[in-house]
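Please treat every number below as a calculation from the coordinates, not as lab data. If you're wondering where the values come from, they're calculated on a predicted model, not measured in any experiment. Cβ coordinates were reconstructed from backbone atoms using ideal geometry, including for glycine residues, and neighbour counts include every protein chain displayed.
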Amino acid sequence: MNIPIDRLVLPEFQQAGVVLDLLRLDLIHPQVSGNKWFKLKYALADVVRSECPRVLSFGGAWSNHIHALAWAAREQGVEAIGVIRGERPVDLSETLKDAESWGMRLHFVSRGQYRNKTDERFLDELRGLFGGFHLLPEGGSGPRVIDGCREIYQAFDARAYDYLCSACGTGGTLAGLIAGKPEGLKVIGVSALKGAEFLYRDIRQMLSRADVKDPGGWQIQLNDHEGGYARISQELALAMDHFYRYSGIELEPVYTGKVYLSLRRMRDNGELPCGARVLMVHSGGMQGLRGMRAALQKHLTGR
Ligand SMILES: *Cc1c(COP(=O)(O)O)cnc(C)c1O
């Protein structure tokens with residue numbers, strides 16, 4: 001697979017003597033966007049090969065994971081069930097409309113019930129309703145996530161960079177990027193969630209379960225979440241707008257916008273030295289932007 005890399009011409013990075021390139025995972029597939037393509041690759045291959053071609057997973061109304069899974073499962077002839085947080089609304093989100101139109105069975109549960117998503121008793125209840133299934137955790141970071149996400153490096157020469165920076169939800173993608181990184185490349189994750197100290201533990205656990213020795217040389221920015229998951233600050237909205245003006249490339253505010261904001265702050269703090277070659281990962285998620293445009297616009301225009 002060939003993944004394009006764009007050289008970004010952003011004045012604030014040029015003035016600091018920092019080279020910033022963008023890895024366009026958002027372009028690899030129209031529906032299975034960005035990192036989700038890599039996350040689902042082996043997870044679904046395992047399901048296809050099994051005796052039980054049914055997969056169940058979890059997500060919210062705008063979940064990139066649910067959206068990608070619905071399409072990929074249909075393509076592979078796998079039955080997909082999406083357990084969705086919250087009551088079924090009268091008008092489904094665009095994301096869930098897509099998923100349903102691709103044949104995913106949507107099962108809505110209350111927020112309280114949703115919290116039991118890893119609970120064996122709750123999963124047994126779901127088995128009672130749907131029959132046996134392969135469970136893919138929320139966000140799609142199952143046991144094969146590292147196998148898939150380390151393959152992102154097959155698409156470009158990572159030795160041309162000093163830093164690689166990518167967004168973290170569950171940390172599965174970052175775990176793959178850590179597992180596959182060449183020596184000397186520093187991998188930086190940016191948490192989309194508030195209070196995400198757990199990412200260090202979870203990522204180390206994913207590495208060890210995949211029998212990968214932690215190579216070190218990675219860190220997570222825990223303070224660029226702008227108030228929490230899917231929260232937008234005015235600074236974030238303005239940064240994304242600036243990015244679009246100079247590059248013509250859109251980011252979304254949940255993950256990739258926060259990566260850009262975090263890189264700007266690192267540059268301001270002198271954490272990216274002059275001459276640094278930085279690769280920012282555009283991990284996709286543009287379908288979710290459909291649910292965020294109004295909120296973004298409000299920050300830009302005050303209306
Ligand atoms: C799901 C998602 C992430 C987070 O991936 P994890 O493997 O859960 O850390 C990052 N960026 C985008 C655009 C996503 O959709």
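Quick check on packing: order 164-171, 4-11 by the mean number of other C-beta atoms within 10 Å, highest mean leading. Mind dumping the intermediate values first?
Values: 164-171: 25.9, 4-11: 14.0.
Per-residue Cβ counts within 10 Å, averaged per peptide and sorted highest first, yield 164-171, 4-11.
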On a 0 to 90 degree scale, rounded to 10, what angle separates helix 64-75 from the longest Cα axis of the chain?
60 degrees
Run through the DSSP bridge list for the range 1-150 and note the antiparallel percent, rounded to the nearest 5.
20 percent
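What shape does the range 35-140 have by the C-alpha gyration tensor, where a ≥ b ≥ c are the square roots of the eigenvalues, rounded means a/c under 1.5, and otherwise prolate means a/b greater than b/c and oblate the rest?
On the way: a/c = 1.64, a/b = 1.14, b/c = 1.43.
Note, shape of the range 35-140 comes out oblate.
Kindly provide the helix-only [θ] at 222 nm of the chain, computed as the sum of -39,500 (n - 2.57) over DSSP H runs of four or more divided by all residues, to the nearest 500 deg cm²/dmol?
On the way: 12 runs with 116 residues, N = 303.
Rounded to the nearest 500, it is -11000 deg cm²/dmol.
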Gap in Å between the Cα centre of the range 73-151 and the Cα centre of the range 168-233?
23 Å
Determine which residues of the range 93-107 fall in the zone a paramagnetic label at GLN113 would reach in this model, i.e. backbone nitrogen under 12 Å from the point 7 Å along Cα→Cβ.
107
If you average over every viewing direction, what projected area does the convex hull of the Cα atoms of the chain give, in nm²?
15.7 nm²
Distance between modelled label sites at LEU129 and ARG293, nm, 7 Å Cα→Cβ extension
3.2 nm
Give the angle, between 0 and 90 degrees and rounded to the nearest 10, that separates the Cα long axis of helix 35-49 from the longest principal axis of the Cα atoms of the chain.
30 degrees
